[in-house]
Number of protein chains: 2
Amino acid sequence: MNDPFAPNEIKITVIGGGTGSFTLLSALKNHTRQIAAVVNMVDDGGSTGVLRDELGVLPPGDVRQCLVALSDSPKIRDLFNYRFDEGTFQGHAFGNLLLTALEKMTGSFSEAVETASEILRVNGVVIPATLDNVRLKMEWAEASTILHGERIIDADFFKYDPRKANLSLVPAARANPTALAAIQQADLIVIAPGDLYTSLGPLLAINGVGEALQKTDATIMYVSNLVTKQGQTAGFCVSDHAAEIERFIGGEVLDYVLYNKQVPTNELARRYKQEHAYLVEVDKEVLVTKKYKSVGGNFLGAVVEEHDSDVLPVTRSLIRHDSEAIARALIELYETARDPNFNSLSL
Amino acid sequence: MNDPFAPNEIKITVIGGGTGSFTLLSALKNHTRQIAAVVNMVDDGGSTGVLRDELGVLPPGDVRQCLVALSDSPKIRDLFNYRFDEGTFQGHAFGNLLLTALEKMTGSFSEAVETASEILRVNGVVIPATLDNVRLKMEWAEASTILHGERIIDADFFKYDPRKANLSLVPAARANPTALAAIQQADLIVIAPGDLYTSLGPLLAINGVGEALQKTDATIMYVSNLVTKQGQTAGFCVSDHAAEIERFIGGEVLDYVLYNKQVPTNELARRYKQEHAYLVEVDKEVLVTKKYKSVGGNFLGAVVEEHDSDVLPVTRSLIRHDSEAIARALIELYETARDPNFNSLSL
């Protein structure tokens, strides 16, 4: 197993793969150069889905965006996110083609990610959670209902309680040894905000990842989602999100759960309503009974305009965390918690 | 006009665009880091043709190969030459897609070439001869025959003498000012071996290029082709090749013409015969009457196996110059000619 970190610096491993991860990585890289991003590998929609289907490659999309988030080269970052808007290549992000070409050429997705990292001048490392070519499966035992594929599951309005569903990968995925090393050797592990059933769950369900999170000496922090997902997590409070994360991991390993406590301005509230977005409720009475410490902060970001060129074009949701505020909170929390005089926190 | 060179070094500008240029650039870069490659821009076949037709971009193929020839990064060089062999992208060289994405993104082919040069860690500069989107036209006045497009002309068996044909670009092409600067500021200009009517001619026919070659103080050397092209230049001797080059330029500007004088081994001769390849004849009796000095050398390369991974997969012709020998001869000739004690040369 390779040590993904350089010696003598605070080592942060971020676990995730969706927009929440990309924006958090962008913010965290201003605080440390020692970042490992462990990335979910079940995406099968859009440009990524076409490349998987046509060329049999591993999903490049989320890896590309984590690479871009950690890149030091604005020009090449723009190139990686560029999407052809006409002709045969319409809809394909250029970085996906680059990762695909490198994988086809070398026969190794790891090598592809490494070369792409050099081209993008990436700070830190991006680590596919698994190097097996797998698809996501979600099944409810009682209801004998099965959903196949990330794209399908992502778009589904669940008929049954997803907390009773089993997430698995087909065929069974083996964890990437470098991902396990990043979990084992980190000082701080951040489970990024993200979709529970199509992003975080499928990553944590990989054989070996849950065990590694149970064994590591790292401080483990989970950043709860800002809004619920229609048809999937409607009504989920902060503790429900954290409970699902610990269910996927298979143990009560979270040390801290961060959540937003900021009340939106009237203008923000109006925009959220337009978007049918519902803020995740903070169920303090439940949170205080948990093994983990829960910490609220002012994490509401500006509402993102859909064509804002400063933001990665990765999702249609216009509601964002203030990732810079979260990054500061994570670092402060980590450093304060290690202080023997630690008493209380104000975020 | 930008100075494409760094100060205080011998400056070589190579003019061309086909296999002859790529291999010569690869060899010359071992002798100087001060190389400018001025590249023909009329290619409209293969992957390049599809990209031009579908996306309206300038032709990336020859530029890509010159960039690759001057690159210091073997891994990224392989990536640029990688061709997808199935699916939507089948047949496309990755570097073509990269240049295309950069041009679509920035709206500037020059900027695309500059960024690609950074990614490839290119020694020297690659300069599109024109930044106008043009197609090649070849016409015979007497015969009122017109051929349109590089791909068409390249595959044609000429019915009439091409020496009486007029080559032009449609619409009329303006020279790239940086290309003119590279001609003006060079110490040595090398017109690389290449197809007369689909590579060198169309480049020299650009408005301003011929004038720049007539005005420059640089020493101008032309490396004659090794073999004739079936249906186009059959029977052309060395002086015929040089005469066409000077016709395109519009003046007797050549200082030196280099040609191969090496007799093939029996084995080589057998392979040439298999290929229906005819070596260009050296018509010494004509050459001695010319204003330029003509210099013969042992320039026969090994016969290239079609799947030899060390060679750029750019052509089906298996007969190659020994580019390293030509590069040495060019440099030696240039340095000897500047020596006031210059007397004779043995190459």
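Conditions tested, residue by residue: (1) within 18 Å of B:L300 (Cα to Cα); (2) in contact with a Pro (Cβ under 8 Å, 6 or more places away or on another chain); (3) modelled with pLDDT of 95 or more; (4) not in a strand (DSSP E or B).
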residue: B:I220; (1), (2), (3), (4): no, no, yes, no
residue: B:F248; (1), (2), (3), (4): no, no, yes, yes
residue: B:L254; (1), (2), (3), (4): no, no, yes, yes
residue: B:Y259; (1), (2), (3), (4): yes, no, yes, no
residue: B:V263; (1), (2), (3), (4): yes, no, no, yes
residue: B:L268; (1), (2), (3), (4): yes, no, no, yes
residue: B:K273; (1), (2), (3), (4): yes, no, no, yes
Exercise for review: Sort through A:T48, A:T115, A:T100, A:T130 and tell me the only one that's buried (at least 20 other Cβ atoms within 10 Å of the Cβ), within 14 Å of chain B (Cβ to nearest Cβ), of a type in the set (S, T, N, Q) and under 23 Å from A:A205 (Cβ atoms).
Suggested key: A:T48
Check your understanding: Name the residues in segment B:53-65 that are within 14 Å of chain A (Cβ to nearest Cβ) and not in a loop (DSSP other than H, G, I, E, B), would you?
Key -> B:D53, B:E54, B:L55, B:R64
Practice item. Having 3 or more residues that are more than 30 Å from B:D78 (Cα to Cα) and in contact with a helix residue (DSSP H, G or I) (Cβ under 9 Å, 6 or more places away or on another chain) is the bar; report the helices (runs of 4 or more DSSP H) wholly within segment A:93-161 that clear it. Key: A:150-155
Exercise for review: Quick one: B:H241 ticks every box in (1) under 20 Å from B:A325 (Cβ atoms); (2) of a type outside the set (A, V, I, L, M); (3) modelled with pLDDT under 95; (4) part of a helix (DSSP H, G or I) except a single one, so which number is it?
Suggested key: (3)
Point to revise | Selection status of B:V238, buried (at least 23 other Cβ atoms within 10 Å of the Cβ), over 15 Å from B:K291 (Cα atoms) and among the hydrophobic types (A, V, I, L, M, F, W, C) | key: no
Practice item. Return the only residue of A:K229, A:K273 being over 18 Å from A:A179 (Cα atoms) and surrounded by 15 or more Cβ atoms within 10 Å (Cβ to Cβ). Key: A:K229
Revision key, fill the gap. Residue count, segment A:70-81, condition without any contact (Cβ under 8 Å) to a residue 24 or more places away in the chain and crowded, with 18+ Cβ neighbours inside 10 Å, comes to 2
Exercise for review: Please find, within segment B:177-198, the residue that is farthest from B:I331 (Cα to Cα) out of those that are of a type in the set (S, T, N, Q) and open to solvent by 10 Å² or more (accessible area, probe 1.4 Å).
Suggested key: B:T178
Practice item. For segment B:66-92, enumerate the residues that are part of a helix (DSSP H, G or I), of a type outside the set (A, V, I, L, M, F, W, C), more than 20 Å from B:G17 (Cα to Cα) and facing another protein chain (nearest Cβ under 9 Å). Key: B:K75, B:G87, B:T88
Point to revise | Given (1) open to solvent by 30 Å² or more (accessible area, probe 1.4 Å); (2) modelled with pLDDT of 95 or more; (3) within 17 Å of the chain's Cα centre (by Cα), index of the condition A:V288 fails | key: (3)
Review point. How many residues, within segment A:103-112, are surrounded by fewer than 20 Cβ atoms within 10 Å (Cβ to Cβ) and within 8 Å of another protein chain (Cβ to nearest Cβ)?
Key: 1
Practice item. Would you be able to tell me the number of residues in segment B:321-333 that are in a helix (DSSP H, G or I) and either among the acidic types (D, E) or surrounded by fewer than 20 Cβ atoms within 10 Å (Cβ to Cβ) (or both)? Key: 5
Revision key, fill the gap. Condition set without any contact (Cβ under 8 Å) to a residue 60 or more places away in the chain and in contact with a Ser or Thr (Cβ under 9 Å, 6 or more places away or on another chain), scope segment A:82-93, selection surrounded by the most Cβ atoms within 10 Å (Cβ to Cβ): answer is A:A93
Check your understanding: Which of the residues that make up segment B:96-143 are farther than 22 Å from B:V170 by Cβ and among the basic types (K, R)?
Key -> B:K104, B:R121
Revision key, fill the gap. Note on segment B:162-190: residues of a type in the set (G, A, S) and part of a loop (DSSP other than H, G, I, E, B) are B:A165, B:A172, B:A173, B:A186
Practice item. Evaluate the following for A:L213: is it assigned to a loop (DSSP other than H, G, I, E, B) and open to solvent by less than 20 Å² (accessible area, probe 1.4 Å)? Key: no
**Study point:** Among (1) in contact with a Pro (Cβ under 8 Å, 6 or more places away or on another chain); (2) under 21 Å from A:Q65 (Cβ atoms); (3) modelled with pLDDT of 95 or more - the single one A:Q185 does not satisfy
**Key:** (2)
Practice item. Pull up segment B:133-146, narrow it to residues that are within 19 Å of B:V50 (Cα to Cα) and open to solvent by less than 10 Å² (accessible area, probe 1.4 Å), then point me to the one that is farthest from the other protein chains (Cβ to nearest Cβ). Key: B:L136
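The values are calculated or read from the model by the stated rules, or taken from the named source; none is laboratory data. Worth saying up front: this structure is predicted, and the values here are computed from it rather than measured. Note: ideal-geometry Cβ built from the backbone for every residue, glycine included; neighbour counts use all protein chains shown. Accessible surface areas use protein heavy atoms only, side chains included; no ligands, DNA or RNA. Shrake-Rupley method; radii C 1.70, N 1.55, O 1.52, S 1.80 Å.
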